[in-house]
Amino acid sequence: MLVKDSQTGSLANEPSHTTPHAHDVLSQLDNSGLSRFHWKAMITSGMGFFTDAYDLFIIGAALTILIPLWHLNALETSLVGSTSLIAAALGSYVFGRLADRIGRHAIYGLTLIVLAAGAIISALSPNIYFLLVFRFIMGLGIGGDYPLSATLMSEYSNRKDRGKLITMVFSMQGLGLILGPLVALVLLVSGLHPDLTWRIMLALGAVPALATFYLRRQIEETPRYALIMHGNAEAAQQTISNVTGNGTAKKNVKVQKQQAQQPKKSWLYLLFTPRFLKWIIGTAGTWFLLDIAYYGTTISSPLVLKSLNSHANAVTNMMYTLVIFVVAAMPGYIVAALTIDRLGRKKIQCLGFAMMTLSYGLLALVPGLTQSTLPFLSLYSLGYFFTEFGPNVTTFVYPAEIFPTMIRSSAHGLAAALGKVGAFIGAFAFPYLLTSVKLPGAMGVAAVVSLLGLLLTIFTLPEPNQRSLEEIAGDHELLAEMKKEQVPA
């Protein structure tokens, strides 16, 4: 029998996961305030992105040493800078799918182990071939961290602060972007042998990952996954009580514990229904376009600055890179975290893409801007600020909110995977663009893909701000309809 939930208007089988009692369990989490657990989960998840950003940036600094040391040509340079990104695409898909099949908790720490192992063995590489293989292994862990951290944080968050918490997880990337140039500067001026310098740069990426592994193992399965996918209302209620600090909640709300019933329809069928197909095109497509511009410019920042001022040494260009990250990138993350739950995701993403198009477009169309250091750095930094206060944050937040629980991690993994394909293209192509069409041409490519990202956002993505995850994705109605089809005629 189908009944209508008085609070959501969704149809559900009675009794099922979607009874009002079960809805009340998740409502406690949605309507709770920020707790110590939320901050702990944010930092634990965010440390993965701190590590990811450091590992992905530091290869650009290491390449300034490896190019003359190993006599790398343009193809080899592009492969070293981009191999971990194509691996991240595979890791996002594989780990995202596993998280929906066997649970978030089961594999939450595994991504860090893969990442740390890849960083350590990369530092021991005897030649470029081993380095490419080991960076690929590290990239699998980096990619897997995207759907896991985003999904876990979204499913533990309250409705009011969900955007801020997911954004703050991702914003830890900004600290990694700052640490990378700092470490590179210290090592470059230390007087160490170049062959030792780049190895230390890469090996340090394993430290924060290993330091966070234990904390990740202490975080329980999310209450939404436990309730919606396994029907374990008691476990969900107990976890929510721990999150909110409300020790009496379990006595006040009566829930029904039921046997889980997995839907017969495949996750691919669900993902490619019209509404979700439109959203996966929007989330994956905008992430793909963003990362072409973002990773192309970020990983190639030392090469971009070298193109701007060919007479500057590596230390000077690293200082410029650090300044850009400190005065533009990190403030962008902070402003995004402070405003995303007020302005909404769609407005911020549109504004970011529009300003990226403007700044990169001016650098492409006004030749004098790429021949003078101060004007170039000003516009380049403006693009960085609106990348962070814009699509670099929101493309991470969106797929963690708008898809149902049974495919949330898989959908995020697909979006992140396509994003990393874009990152691979950007990181691989930009060194060639800087030597063929020069700096203005490279900025022109970044402007075009940013404009395409703006248009795709406008026409495909909804606004999930201040709505519960179940309301956005229709979890209750979806499960009821799929279960109804399982009942024999």
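Every number in this text was worked out from the coordinates using simple rules, so none of it is lab data. Owing to the predicted nature of the structure, the values given are computational and were not obtained by experimental measurement. Cβ: placed from backbone, ideal geometry, glycine included. Neighbour counts: every protein chain shown.
Compared with the direct C-alpha span, the chain from ASP24 to GLN466 gains 157.4 nm at full extension, assuming 0.36 nm per residue.
If one computes P(r) from the Cα atoms of the stretch 93-177, what percent of pairs lie at distances over 20 Å? Of all Cα-Cα distances in the stretch 93-177, 44 percent exceed 20 Å. Here the residues ASP145, ASP100, ASP24, ranked from fewest to most Cβ neighbours within 10 Å of their Cβ, fall in the order ASP24, ASP100, ASP145. Paramagnetic label reach from ASN313 (point 7 Å along Cα→Cβ; backbone nitrogen cut-off under 20 Å): within the stretch 188-207, residues 188-199, 201. Between VAL207 and LEU277, the modelled labels are 5.0 nm apart [label points 7 Å from Cα along Cα→Cβ]. Spin-label model, GLN238 to ILE43: label points 7 Å out along the Cα-to-beta-carbon direction sit 2.6 nm apart. With 31 Å as the limit, the listed pairs LYS164/LYS278; LYS347/LYS438; LYS164/LYS438 have LYS347/LYS438; LYS164/LYS438 beyond it between alpha carbons. Over every Cα atom in the stretch 45-90, the radius of gyration and the widest Cα-Cα span, Dmax, amount to 12.1, 38 Å. Going from the fewest other Cβ atoms within 10 Å to the most, the residues GLU463, GLU388 appear in the order GLU463, GLU388. Shown is the FRET efficiency for ILE128 and LEU215, computed with R0 = 30 Å from the Cβ-Cβ distance and rounded to the nearest 0.05: 0.25. Between HIS193 and ALA74, the modelled labels are 3.3 nm apart [label points 7 Å from Cα along Cα→Cβ]. For the stretch 60-217, the relative contact order is 33 percent, taking Cα pairs closer than 8 Å that sit 6 or more residues apart in sequence and dividing their mean separation by the residue count.
Here the stretch 321-422 is assigned +1 on the Cβ of each Lys and Arg and -1 on the Cβ of each Asp and Glu. Its dipole about the Cα centre then comes out at about 200 debye. From least to most packed, judged by other beta carbons within 10 angstrom and beginning with the fewest, HIS38, HIS193, HIS230 follow the order HIS193, HIS230, HIS38. Could you list the residues of the stretch 327-359 with an amide nitrogen less than 18 Å from a label point located 7 Å from the Cα of VAL437 in the Cα-to-C-beta direction? Residues 356-359 qualify, since their backbone N sits under 18 Å from the label point.
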